[in-house]
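**Q** The structure's right below; bear with me while I get my questions together.
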Amino acid sequence: MTHYRNVLWILLIAMLASCSTPTPVSTPTSLPTETVVPPTSTPQPTATATPVPAPARAQYTMNVVLDYAGKSVTVDETIVYPNHTGHVLNDLMLAVEPDLWPNCFTLKGLNLNGTAVANYTLDGQKLSFALPAVFQPETTVTIRIQYNLLLPRIIPTDPNLTRPQIFGYTPNQINLTDWYPFVVPNIGGQWVLHDPWYYGEHLVYDAADYIVNLKPADPATSPVIASSGAPSQNGEWTKYTLTSGRTFAISASTEFLTSSAQVGNVTVTSYYFNLYQGSGKAVLNAAAEALQIYSQRYGPYSHQTLALVWGTDGMEFSAFVLIPQGYYNFYDGTLNNYLIDVTVHETAHQWWFEQVADDQAEQPWLDEALATYSEHVFYETASPSSLKSWWWPVRVDFYQPQGWVDIPIYAGGGFRPYTNSVYLRGVHFLDDLRTRIGDAAFFGFLQDYLVKENGKIATSADFFHILSQHTTTDYSDIVRKYFQNSY
């Protein structure tokens with residue numbers, strides 16, 4: 001998941017949260033009756049015997065009451081977490097991104113297999129606790145977390161100095177992004193939760209299944225909801241379902257207008273405001289066309305819906321992308337425009353981030369270079385003249401990009417040098433590689449890479465290993481030109 005960095009930035013605030021013993025909260029009587037936790041009559045977890053076969057992915061069930069006017073959220077969350085790490089685990093670690101904002105996250109209850117967890121550590125974004133018994137591979141635990149969110153105000157700031165904020169509220173919109181606690185990946189027996197940085201993304205996500213039951217605190221002010229999941233009614237709740245997603249996002253507004261299109265079995269919807277009807281429909285058309293192009297070039301899109309949402313910055317989530325508000329203002333009705341470019345970029349992340357994930361802090365080029373080169377793939381199909389007259393000279397080479405493609409976010413030396421290296425030099429690498437090995441090998445490789453790494457967290461070594469199976473042409477000089485490490 002990754003921001004498209006030509007818009008406003010806000011410094012991410014890290015706060016240490018105090019730790020106290022959670023008090024179990026009584027279960028509401030009106031919880032929805034269907035969850036991913038089998039087989040119960042409500043979303044409440046019960047003590048589960050570990051010999052039960054582990055599901056393929058972690059399963060998240062969240063019952064969410066949204067107080068739109070009060071800018072707050074009450075959540076009862078259940079996680080069925082399978083240990084597919086291949087290691088015996090002695091503890092669990094969850095990311096709690098809302099705790100990076102002062103007074104935002106209030107923990108009300110924390111239970112493991114039906115028993116209250118008395119000793120835990122909540123330190124900024126990290127929630128961790130020891131397990132009462134060893135957690136064997138291919139067994140499961142059930143975590144229940146109850147909490148409140150008092151959402152922070154989204155504040156525009158100097159784009160050259162600060163990191164963009166997309167979580168929180170504006171006067172006419174609420175964005176819930178990275179808003180719920182989730183179990184971070186465990187790779188090689190180590191939990192992976194990187195420190196936040198001024199640019200780029202620090203989170204890494206396993207694929208998981210989601211059911212989010214949502215209802216407004218006040219039905220009289222029920223907003224329009226954009227989300228990562230396909231909606232259906234579940235009594236007084238609306239149930240949103242997402243299978244094999246990296247992260248579940250929600251945006252809500254009482255002022256949203258929508259336009260939708262059907263691309264095969266996928267419903268694509270653009271969410272925007274009244275002043276931006278022309279731009280909002282252009283976003284829809286560009287994403288719908290990109291969806292078709294990428295499906296043909298790479299492989300199928302993996303979800304039933306795709307939400308395209310007017311936002312304070314550009315960012316990808318599962319079946320959901322935010323498009324920066326500034327580009328709606330300057331849309332000129334052509335394809336030679338950053339509104340179209342950012343739309344097709346973020347849509348491409350539904351392949352490179354969503355289906356094939358990576359460590360976004362340590363190896364961000366794996367999704368960002370591919371998503372940026374996917375802009376090239378879009379334009380060469382939709383408007384070859386735009387590719388030559390606008391995309392290469394304005395989008396890419398105007399910045400005279402330099403630097404190594406495979407740097408981590410922490411070594412970027414600032415937003416512009418970082419994006420020049422990872423995004424734009426990454427584009428030149430992929431284009432040089434494609435020219436060297438030919439279209440058949442290049443796209444055959446990407447299709448195979450998508451299949452073999454789908455649902456996984458890929459590495460640079462995985463990328464080059466699969467590439468080597470699709471060509472006998474020597475491209476080692478190209479790798480040396482763009483990469484500081486050997487693969």
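The values are calculated or read from the model by the stated rules, or taken from the named source; none is laboratory data. A quick note: this is a predicted structure, and the numbers were derived from the prediction, not measured. Neighbour counts are summed over all protein chains in view; Cβ atoms, including those assigned to glycine, are modelled from backbone coordinates with ideal geometry.
**Q** Name the residues in segment 344-362 that are part of a helix (DSSP H, G or I) and either more than 15 Å from the chain's Cα centre (by Cα) or in the same structural domain as Y379 (by TED's automatic domain parsing) (or both), would you?
**A** V344
**Q** Can I ask one more? Can K452 be described as modelled with pLDDT of 95 or more, among the basic types (K, R) and within 30 Å of D209 (Cα to Cα)?
**A** So K452 fits the description; yes.
**Q** Against the conditions (1) buried (at least 20 other Cβ atoms within 10 Å of the Cβ); (2) out of contact with any helix residue (DSSP H, G or I) (no Cβ under 6 Å at 6 or more places or on another chain), where does S295 fall short? Just the number, please.
**A** Exception for S295: condition (1).
**Q** Okay, next question. Inside segment 363-385, can you point out the residues that are farther than 22 Å from G333 by Cα and either out of contact with any helix residue (DSSP H, G or I) (no Cβ under 6 Å at 6 or more places or on another chain) or assigned to a loop (DSSP other than H, G, I, E, B) (or both)?
**A** Within segment 363-385, Q363, P364, L366, D367, L370 qualify.
**Q** While we're looking at this one, here's another question. Being in a loop (DSSP other than H, G, I, E, B) and either at pLDDT 95 or above or outside the structural domain of N148 (by TED's automatic domain parsing) (or both) is the filter here, so list the residues in segment 173-195 that pass it. Step through it out loud before you land on a result.
**A** Here is the first cut: in segment 173-195, the residues in a loop (DSSP other than H, G, I, E, B) are 177-181, 184-185, 188-189, 192-195.
Correct list: T177, D178, W179, Y180, P181, V184, P185, V192, L193, H194, D195.
**Q** Now, a different point. When the residues of segment 424-449 are narrowed to those that are crowded, with 19+ Cβ neighbours inside 10 Å and touching a residue at least 60 places away in the same chain (Cβ under 8 Å), which ends up farthest from I478 (Cα to Cα)?
**A** Among those that are crowded, with 19+ Cβ neighbours inside 10 Å and touching a residue at least 60 places away in the same chain (Cβ under 8 Å), it is Y449.
**Q** Let me ask another. Name the strands (runs of 3 or more DSSP E) wholly within segment 229-312 that hold at least 2 residues that are over 23 Å from D341 (Cα atoms) and free of Cβ contacts under 8 Å to residues at least 40 places away in the same chain?
**A** 230-234, 237-245
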